[in-house]
């Protein structure tokens, strides 16, 4: 994982961060997941809202599989407002907010991946990553 | 043949010259995906494997329903149907997954 000198930016309003933090704490110790809706430009992604999705993986607390029906629903909401699904958010309970090897294996290009590290005491950190080539690069987060 | 709309997810739009949806003609999901692949080079391989089956990490919905819960690629599509290509979204901290990868085992 690398941090580019001029890293791409994701615009994440404070209210949206609070929503994600709340969802992360509510789901703890299980992983929560969802989609980011907004507009993608060359080096900047503007997120307008986030939608929580069902985690279909009920066997493991350390991974998620987003219900594809929830993707279709969120994609429909986004298109109705002439926006797109621009990324994925999920939580890492009791782990750092860095992509895991499993995150890397299952990632798609051209999406932002917001990861929240959460412990029993609350959200520890929130970071955003983008797959470019074979590796994740960190995105700067701005309000 | 029915005229259907195929919704393209953001990660695959590099293969449709940025188009977020494509109008296509076909009588079944298989025919629609094949036509889509013929129109947009490289897209067919991302959706279907060498045997013509839907790839593991992709789903296709007709309206709100997963074709895997219908008749698969043989699912018939009506005029005006909306197909959504859904990239499989998964991940997680997966400490055990990392250990298994390093030891050469996969779960």
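Only the coordinates and a few stated rules stand behind these numbers; no lab work does. What you are looking at is a predicted structure, and each value in this text was computed from that prediction instead of being measured. Counting neighbours? That spans all protein chains shown, and the Cβs are built from the backbone with ideal geometry, glycine included.
Computed values, structure above
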quantity	calculated
Restricting segment A:109-121 to residues that are more than 12 Å from the chain's Cα centre (by Cα) and without any contact (Cβ under 8 Å) to a residue 60 or more places away in the chain, the residue that is nearest to residue A:8 (Cα to Cα)	A:109
Count of segment B:40-74 residues which are over 21 Å from residue A:65 (Cα atoms), in a loop (DSSP other than H, G, I, E, B) and in contact (Cβ under 8 Å) with a residue 24 or more places away in the chain	3
Segment A:47-79 - residue that is in a strand (DSSP E or B) and more than 7 Å from chain B (Cβ to nearest Cβ) and, of those, farthest from residue A:143 (Cα to Cα)	A:55
Qualifying residue in segment B:82-89 (condition: closer than 21 Å to residue A:72 by Cα, buried (at least 20 other Cβ atoms within 10 Å of the Cβ), free of Cβ contacts under 8 Å to residues at least 12 places away in the same chain and touching a helix residue (DSSP H, G or I) at 6+ places or on another chain (Cβ under 8 Å))	yes
Test: residue in segment A:80-100 that is on the phi > 0 side of the Ramachandran plot, assigned to a loop (DSSP other than H, G, I, E, B), facing chain B (nearest Cβ under 7 Å) and in contact (Cβ under 8 Å) with a residue 24 or more places away in the chain	no
Condition broken by residue A:45, with the remaining ones in (1) in contact with a strand residue (DSSP E or B) (Cβ under 7 Å, 6 or more places away or on another chain); (2) surrounded by fewer than 20 Cβ atoms within 10 Å (Cβ to Cβ); (3) touching a residue at least 40 places away in the same chain (Cβ under 8 Å) satisfied	(2)
